[in-house]
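Student: My structure is below; once you've seen it, I'll send some questions.
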Protein chains: 4
Amino acid sequence: MDWMKDSIMMTKGVGKNNKGETHQLTEKTQGTYQYTMGPYSKPVMHIKPGDTVVVETRDAFEGKIQKESDKPSEKLEMPFLNPQNGPIMVEGAEKGDAIAVYIDKMVPRGSNPLGTCCMIEEFGALTGTSYTATLNDPLPEKVRKINLDEKNVYWSDRITLPYKPHIGTLSCSPEIDSINSLTPDNHGGNMDLPDMGPGSITYLPVRSPGGRLFIGDAHACQGDGEVCGVAVEYPTTTTIKVDLIKNYTIEWPRLETKDMLMAIGSTRPLEDATRIAYRELVRWLAKDFKFDQWDIYMILSQVGKVRLGNFVDPKYTVGAGIEKKYLK
Amino acid sequence: MDWMKDSIMMTKGVGKNNKGETHQLTEKTQGTYQYTMGPYSKPVMHIKPGDTVVVETRDAFEGKIQKESDKPSEKLEMPFLNPQNGPIMVEGAEKGDAIAVYIDKMVPRGSNPLGTCCMIEEFGALTGTSYTATLNDPLPEKVRKINLDEKNVYWSDRITLPYKPHIGTLSCSPEIDSINSLTPDNHGGNMDLPDMGPGSITYLPVRSPGGRLFIGDAHACQGDGEVCGVAVEYPTTTTIKVDLIKNYTIEWPRLETKDMLMAIGSTRPLEDATRIAYRELVRWLAKDFKFDQWDIYMILSQVGKVRLGNFVDPKYTVGAGIEKKYLK
Amino acid sequence: MDWMKDSIMMTKGVGKNNKGETHQLTEKTQGTYQYTMGPYSKPVMHIKPGDTVVVETRDAFEGKIQKESDKPSEKLEMPFLNPQNGPIMVEGAEKGDAIAVYIDKMVPRGSNPLGTCCMIEEFGALTGTSYTATLNDPLPEKVRKINLDEKNVYWSDRITLPYKPHIGTLSCSPEIDSINSLTPDNHGGNMDLPDMGPGSITYLPVRSPGGRLFIGDAHACQGDGEVCGVAVEYPTTTTIKVDLIKNYTIEWPRLETKDMLMAIGSTRPLEDATRIAYRELVRWLAKDFKFDQWDIYMILSQVGKVRLGNFVDPKYTVGAGIEKKYLK
Amino acid sequence: MDWMKDSIMMTKGVGKNNKGETHQLTEKTQGTYQYTMGPYSKPVMHIKPGDTVVVETRDAFEGKIQKESDKPSEKLEMPFLNPQNGPIMVEGAEKGDAIAVYIDKMVPRGSNPLGTCCMIEEFGALTGTSYTATLNDPLPEKVRKINLDEKNVYWSDRITLPYKPHIGTLSCSPEIDSINSLTPDNHGGNMDLPDMGPGSITYLPVRSPGGRLFIGDAHACQGDGEVCGVAVEYPTTTTIKVDLIKNYTIEWPRLETKDMLMAIGSTRPLEDATRIAYRELVRWLAKDFKFDQWDIYMILSQVGKVRLGNFVDPKYTVGAGIEKKYLK
């Protein structure tokens, strides 16, 4: 955690010297979960920059898929998917600021099998969908219920996966839009970036008073692109520390870890998401690290790292990053 | 107008036998225009199926671009663009129904130069944009103020264009999303289809009580794709007749004219918008006109008509149509 | 045909005053048909600018699909599809020139049923394909054999389509690539533009000595986008007049009819094909018709016409056009 | 190198027990380098499965960019870029086989500055290009000449990059197409995958007699996506060992390293390249590792790894991989 003291969050955040209060955002406190991120919903909590929130997230199916014989088409009702905690209001946050979210811990919550994976009709990367519309018969519906703990995800007798949790959906509110929780865009949203796990800091653009922070969609593990459309979805107790950076205007979310800085873009087609991420990264490095714009463009052509978050959501997400060691 | 009596609207609409009341939705009645289409805004009017509404639409820039020396970057403030009239509540409309909007007349409103066209930085098809992110310098900002009347659009000494008006943005509300008026999707929205002019009927999916109809963004003329991002934008008095078709569940908007049926899809990339439109058309014709699905798929490969609405908005719009003469 | 004398072909072509010889390119003269367009194949004919060629084209399946019970997967062998006549060498053609191809007549050749349409596994717009790879089961294979004459295409008892022939594949050779006849690109190729019928002139970039003209893939009719992947394919006797325009360097093919000028782009995704076509059109009109670049960009936003050729081939084709009446 | 004995190459290759001869493919032996990969060029060498070839590759600009004041637009002549060694004929290779290429060593060749990076007009990911056609002014041309050795790439006083070489372009010949060396597709080609370095094995589909192996385009280092369009291009002496796997029919190239199996797809848009790579991987694992197709699809949703090769070439390249540890 030593690196944290040099992070953007800890050097620029207004709450960096606050001891900080800890809040509990339980299922009960949350009440009804949110299915859109926007400025029209009622706040569930008010916090100060530097505070900690312990959040009880529900799984992306809100617990409705309980056994392997369940059919997603019968249990799920569009668009009421991917329930979000929030909105959490951050004191002092205004349009043009950024909210920093440090993910401290993600602990499985409840009794096994806690994990759910499934194949949903007309959803996923290797099938016709509502947007890539085909006349083919849909793929079969499949449900996997999976035991997991803080070490492993016990997929099957043959395969055990490492527990590598991350938050799939994180955002502040857009200024006037209210966007369903399945869709990522420049407010954040359903980005599904495996890098967004414990030890990471996400910077989100503030576009409405209080920022209106939403969080949900924990994944016990997820591959690049989330190819079948679903990770190992599970309920958690997730601990985050939230700070506010004043007058730090960013167009798209950004992410920082011990070793990496990453800019995040979400749109279709996928090359445009990648273009956004890389352009943001070029501009970020040129501005804050005093690189010549063309020099850093060419340097990223040598050392840039691309993470495919998802290519299954209504918009696709890509992170473009650089290792911090090059930035000294 | 004889064809109207055989239209879907007139054969299935619940208001077809109503004499129908005429409502005035003036600038004053509207008050604040809407910049998102969603379920959270306050209705401006309640009507019955079969009623007529005379709507005072504002131009897409809400009149802020007044002379050719104006700079769009100084006059316009994102995301407060493309002001919409509405929401208009239609009595009896419920999720699973469709609302039919017959456009009767579009009359220019105010004094010349009524038309505005411009080049906006990082907007349009032949420039890097916020989604197709490049590092190139933006194109120059340009503004054209254009005289027009119900016959012609007087572009320049060299070129006169025909007055061929249509409505650029038309929609009911999504179920839970509130979507900015620049973006089309399966609710309708900023489709920019030149076919959506006087004499056309648009069918919109109802997803919330009352339907919540929004309308705006009149174009005095527009080419396929709206390549520079802007049509000849102008304020109008637009007369529409609105009806309700119960239990007529459609996934995407549809359009009917004297000669054509058209299904409409909006997404990126453009091939996916086209796929949506054609799949909807295949399914529509198979279901309502009793074609074998594969036969009509192959027939459309011979006589299908594609209209590119726009490829400049956050999502692109395509209409796929068939001439009615093949449907007897 | 009066308009022809003012066409680009007739005003700039070096053969415009030649009486012109007429050549027969029969099946026998052709011998083996071509499956790639490139600089490596042996010429079948040498002509002079202004000459006429009467070409016996074979259908896209080279006659292998003979009855409705045939299975395309058994009869067709990739990549030996879409047989082309040529290469025809045009005297004096050099890199930097353009070859003009006026299509005079397309007459069905042989005995009915002359037309073939089919659904081919993993081919077409509304199915997973080898490029839009999905795990869905393929659509069923279907074959239609169709009677046709110079008036109509007799699809079924229910539906008769108009005979509206065009050439699907037309090109000169790339400079060093040899490209299969299924793929369009900046050399022309499998563009499937319904506008490329009798009465049209296509301008093709010359990139190797003699130009090396290829032609084939006649369609008795075709809808926008050729949605199922196949038009009404048929064998023809097609009469073309070929001319040469020296030092007329074009990046992409162009098309001229009595009423329209059109630039053609082919790539994926579809918005990029459309961008290419519109950019070529902007530059063409700015250069040859003395429009201000930004003015014509905005004018095309009002009157530009887009034709979707296909969105099923390895690259998609779009034509962007303007009516000549605006160009005086 | 111990893992090699369990590799697909060493377990299935017909040359695995051959001692193997070593051939020198010098600049002189090569003579004229190749700019297309196809069946029409004259072989430069015949080898046996299991043989080693020491190849003198030239840099992607064929040494024409010699100093930082050189302008790419003046020095380079399209399409004569990315010169390839080959074609190398492999004894016994026939359509339906695969050729395995183990990269043993890549050693810089010549005197410093050996590395070249540049910004080329209308090329790269963050600029309008010939395919993503815009009207913006191009980015400036820039050239960097860079010292490098087998440890480092000395980019500037501020930044030193690690020497992490790989081969950018590797392929057998397509069956009938001859494809320029800038374009990747299912034959391989200009994939620009950083994983294709020393210690990796690439499996390429054989589609013509002898396979016709081409190799070139060495990169001293390259970031994911090769964002500016150019890596650190340099001339090498590259040592490869080539084997032949009979009756091993693959649709797309595959890659194996000590820890990973990867399938490779190349097309536009980028999501389709990713779809291809993941579908190939699903089918490969289902067939050769006896996974249930749907189970491995869901498993890859948890542990799949995506590498973006490039999103700058005429087609984009993505590798989708899985760590071997999950395959026991």
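Student: What are the distances, in nm and sorted shortest first, from the label point of residue C:113 to the label points of the same position in each other copy, with each label point placed 7 Å from Cα along the Cα-to-Cβ direction?
Tutor: Copy-to-copy label distances for residue C:113: 5.0, 5.9, 6.7 nm.
Student: What's the FRET efficiency of residue B:95 with residue C:104 using the Cβ-Cβ distance as r and R₀ = 60 Å, to the nearest 0.05?
Tutor: Calculated transfer efficiency: 0.55.
Student: Give me the Kirkwood hydrodynamic radius of chain B in Å, from all C-alpha pairs, to one decimal place?
Tutor: Evaluated on chain B, it is 19.9 Å.
Student: Report the Rg/Rh value for segment B:132-195, based on alpha-carbon coordinates and the Kirkwood definition of Rh.
Tutor: Checking Rg against Rh, the ratio lands at 1.11.
Student: Taking every alpha carbon pair in the protein assembly as shown, what does the distance histogram look like in 10 angstrom bins from 0, in percent?
Tutor: Answer for the protein assembly as shown: a P(r) of 2, 9, 17, 22, 22, 16, 8, 3, 0, 0 percent.
Student: Any chance you could check the Cα centroid distance between segment C:129-205 and segment B:145-211 for me, in angstrom?
Tutor: One Cα centre to the other: 33 Å.
Student: While we're on this one: Mind jotting down the distance between the C-alpha centroids of segment C:13-59 and segment A:250-270, whole Å?
Tutor: 55 Å
Student: Let me ask something additional. Give me the percent of Cα-Cα pairs in segment C:160-302 that sit more than 21 Å apart, rounded to a whole number.
Tutor: Value for segment C:160-302 (Cα pairs over 21 Å): 46 percent.
Student: By count of other Cβ within 10 Å, fewest leading, how are B:21, C:121 ordered?
Tutor: In order of increasing Cβ crowding within 10 Å: B:21, C:121.
Student: Hey, another quick one. Suppose each label sits 7 Å from its Cα in the direction of the beta carbon; what would the residue A:323-residue D:29 distance come out to in nanometres?
Tutor: Modelled inter-label distance: 3.6 nm.
Student: To continue, here is another question. Taking neighbour counts of Cβ atoms within 10 Å as a proxy for exposure, in what order, fewest first, do D:243, D:97 appear?
Tutor: D:97, D:243
Student: Let me ask something else about it. Calculated FRET efficiency, residue A:111 and residue C:69, Cβ-Cβ r, R0 60 Å, to nearest 0.05?
Tutor: For R0 = 60 Å, the calculated efficiency reads 0.55.
Student: With a ≥ b ≥ c taken as the square roots of the eigenvalues of the C-alpha gyration tensor of segment D:71-202, please select rounded if a/c is under 1.5 and otherwise prolate if a/b is larger than b/c or oblate if it is not?
Tutor: oblate
Student: Which entries of B:71/C:287; C:290/C:325; C:5/C:258; A:75/A:142; B:325/C:164 have Cα-Cα distances beyond 18 Å here?
Tutor: Pairs exceeding 18 Å: B:71/C:287.
Student: Distance in nm between label sites at residue B:152 and residue C:42, each 7 Å beyond Cα in the beta-carbon direction?
Tutor: 6.2 nm
Student: Would you kindly calculate the translational diffusion coefficient of segment B:10-112, applying Stokes-Einstein with the Kirkwood radius from alpha carbon pairs, for 4 °C and a viscosity of 1.567 mPa s, and quote it in µm² s⁻¹ without decimals?
Tutor: On the way: Rh = 15.9 Å.
The calculation lands on 81 µm²/s.
Student: Can you give the log10 of the normalised intensity I(q)/I(0) at q = 0.14, 0.18, 0.20, 0.23 Å⁻¹, computed with Debye over equal Cα scatterers of segment A:237-328?
Tutor: -0.53, -0.84, -1.00, -1.19
Student: Counting other C-beta atoms within 10 Å, which of A:195, D:295, C:157 has the fewest, and how do the rest follow?
Tutor: Ordered by Cβ neighbours within 10 Å, fewest first: C:157, D:295, A:195.
Student: Here's a follow-up. Name the shape class, rounded, prolate or oblate, that the alpha-carbon gyration tensor gives for segment A:63-112, where a ≥ b ≥ c are the square roots of its eigenvalues, rounded holds for a/c under 1.5, and otherwise prolate holds if a/b is larger than b/c and oblate otherwise. Don't skip to the answer; put the middle values down first.
Tutor: Values: a/c = 4.30, a/b = 1.95, b/c = 2.21.
Oblate.
Laboratory data are not the source of any read-out in this text; all were calculated from the coordinates shown. Fair warning: this is a prediction, and the values are worked out from it, not measured in the lab. Methodologically, a virtual Cβ is constructed for each residue, glycine included, from the backbone with ideal geometry; neighbour enumeration extends over all protein chains shown.
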